[in-house]
Amino acid sequence: MSGKPKLHYFNGRGRMEPIRWLLAAAGVEFEESYLEKKDDLTKLRKDGSLLFQQVPMVEIDGMKMVQTRAILNYIATKYNLYGKDLKERALIDMYVEGMFDLNDQLMDYDYLPADKKEQHFANMMDRATNRYFPAFEKVLKDHGQDFLVGNQLSRADVQLLEIILMAEEFKPDILAKFPLLQSFKARISNVPAIKKFLQPGSQRKAREPPENVPKVLAIFE
Amino acid sequence: MSGKPKLHYFNGRGRMEPIRWLLAAAGVEFEESYLEKKDDLTKLRKDGSLLFQQVPMVEIDGMKMVQTRAILNYIATKYNLYGKDLKERALIDMYVEGIFDLNELFIYYDIQPADKKEQHFVNMMDKATNRYFPAFEKVLKDHGQDFLVGNQLSRADVQLLEIILMAEEFKPDILAKFPLLQSFKARISNIPTIKKYLQPGSQRKPPIRPEDIPKLRAIFH
């Protein structure tokens, strides 16, 4: 046993990607065990390893943790990326919950049937550019600091960078109207642990190519 | 200004109800401001009161908090209903996240189109009786204690009671196979603050009636 956290998921972003980002930003090395077919999920279920029969599951500190937010809360607290007090944590939680909502939309897109994609695309781009990015641009503008909360790196900064990069994959100029988010993106990308995660060969996952989608869906049906 | 938290939402359960439950369980008095029509939501948005243009919003301790989980995390921490350490918090988070997933299924039932309701009902009852309730029955069985985590009342117990009562509204005998959850339900219902919340005349909201749904659509569309 290596002592490193071990991630159980399919070899793709999905609901595990924010966890990979946060561990990487915290400088924590981790291992991964990939589900390739339905049997792999069945086996984990039969072992009693999955509290609600679902992945993500992360083996960490003697626990088999499930549920994305529970896992992220634990990692953020353990590695001091969750603010210094209750009020900072409240802000971080508000911001990341908004990001989760946008992340769900971005994530769902690749798995939608073809006839639903266009409407969904329009809706998610509208949400990104008219609801979420303006909110975070304003946060940065109002306090003028480098990080979203408390003048230090937190999970909110990591998750915001992740979501910016995902949105840019859909629309490369999506930050055109958000100068502070543009400089935020450059700044956070340069944090050494994050810069490393952004380089080729890291454990960061690519967007699912359309030809893989049926295989992923088959694991989970 | 009263100093009491002030809840902004429509006069119904929706995504605000877990927040009402937790405040009540903590013995915290709160006020409510109800959205009755679209203009009420528009006004809150124009005031800049809603970080992501959405309710629930709770005015508490000088903040205008949005996002259900952020609000619940804050209340739970402030009123000592979030475990005594990081490990207990990890368990609480895992449990409540499962409960949130089941709660989503219940929330969405009422707004399903007529031709989708039956399938949705079957699915949510299946998840309750084969995924979520067995998990919590096992937690109670494994440690033999009165509360889900750490031998003291936490938000996990409050949220579990809430979801049990909601499930019973759909299927009164849904706990038939779960004796420990039955005694859990009786025990947690008898906690003085919770007992008070369960009595007529409290701020607990009833299930939504079909005739209310058009009005809700008008506010949120």
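The values are calculated or read from the model by the stated rules, or taken from the named source; none is laboratory data. Here the structure is a predicted model, which is why all the values come from computation and not from measurement. Please note: Cβ atoms are built from the backbone with ideal geometry, for glycine as well, and neighbour counts cover all protein chains shown. Note: areas computed on protein heavy atoms with side chains; ligands, DNA, RNA excluded. Shrake-Rupley method; radii C 1.70, N 1.55, O 1.52, S 1.80 Å.
Things worth noting here:
- Qualifying residue in the range B:160-168 (condition: within 14 Å of chain A (Cβ to nearest Cβ) and in contact with a helix residue (DSSP H, G or I) (Cβ under 8 Å, 6 or more places away or on another chain)): yes
- Flag for B:F100 being of a type outside the set (S, T, N, Q), surrounded by fewer than 21 Cβ atoms within 10 Å (Cβ to Cβ) and at the interface with chain A (Cβ under 9 Å from one of its Cβ atoms): yes
Residues are listed down the side, and each one gets a yes or a no for (1) touching a residue at least 40 places away in the same chain (Cβ under 8 Å); (2) polar (S, T, N, Q):
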{"position": "A:Y79", "(1), (2)": "yes, no"}
{"position": "A:K84", "(1), (2)": "yes, no"}
{"position": "A:E88", "(1), (2)": "yes, no"}
{"position": "A:L91", "(1), (2)": "yes, no"}
{"position": "A:G98", "(1), (2)": "no, no"}
{"position": "A:Q105", "(1), (2)": "no, yes"}
{"position": "A:Y111", "(1), (2)": "yes, no"}
{"position": "A:L148", "(1), (2)": "yes, no"}
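- Restricting the range A:69-96 to residues that are surrounded by fewer than 20 Cβ atoms within 10 Å (Cβ to Cβ) and in a helix (DSSP H, G or I), the residue that is farthest from the other protein chains (Cβ to nearest Cβ) is A:E88.
- The set of residues from the range A:112-128 being out of contact with any Leu (no Cβ under 7 Å at 6 or more places or on another chain) and more than 13 Å from chain B (Cβ to nearest Cβ) comprises A:L112, A:P113, A:A114, A:D115, A:K116, A:K117, A:E118, A:Q119, A:F121, A:A122, A:N123, A:M125.
- The single condition among (1) within 14 Å of chain A (Cβ to nearest Cβ); (2) part of a helix (DSSP H, G or I); (3) open to solvent by less than 10 Å² (accessible area, probe 1.4 Å) that B:F52 does not meet is (2).
- Qualifying residues in the range B:187-221 (those that are open to solvent by less than 50 Å² (accessible area, probe 1.4 Å) and among the charged types (D, E, K, R)) - the one farthest from the chain's Cα centre (by Cα): B:D212
- Filter result for B:K64 (open to solvent by 40 Å² or more (accessible area, probe 1.4 Å) and assigned to a helix (DSSP H, G or I)): no
- Meets criteria (exposed (fewer than 14 other Cβ atoms within 10 Å of the Cβ) and at positive phi) for A:G144: yes
- Given (1) charged (D, E, K, R); (2) surrounded by fewer than 17 Cβ atoms within 10 Å (Cβ to Cβ); (3) within 10 Å of chain B (Cβ to nearest Cβ), number of the condition A:D39 does not satisfy: (3)
- Contact map, the range B:132-145: first residue within 13 Å of chain A (Cβ to nearest Cβ), second residue open to solvent by 60 Å² or more (accessible area, probe 1.4 Å) and of a type in the set (K, R), Cβ cut-off under 9 Å, separation 6 or more or different chains; pairs are B:F133/B:K177; B:P134/B:K177; B:E137/B:K177.
- Scanning the range A:1-52 for residues that are more than 22 Å from B:V96 (Cα to Cα) and among the β-branched types (V, I, T) yields A:V28, A:T42.
- Selection over the range B:55-68 of residues that are of a type in the set (D, E, K, R) and at the interface with chain A (Cβ under 9 Å from one of its Cβ atoms) gives a count of 1.
- Scanning the range B:147-186 for residues that are open to solvent by less than 50 Å² (accessible area, probe 1.4 Å) and either touching a strand residue (DSSP E or B) at 6+ places or on another chain (Cβ under 8 Å) or of a type in the set (D, E) (or both) returns B:D157, B:E162, B:E168.
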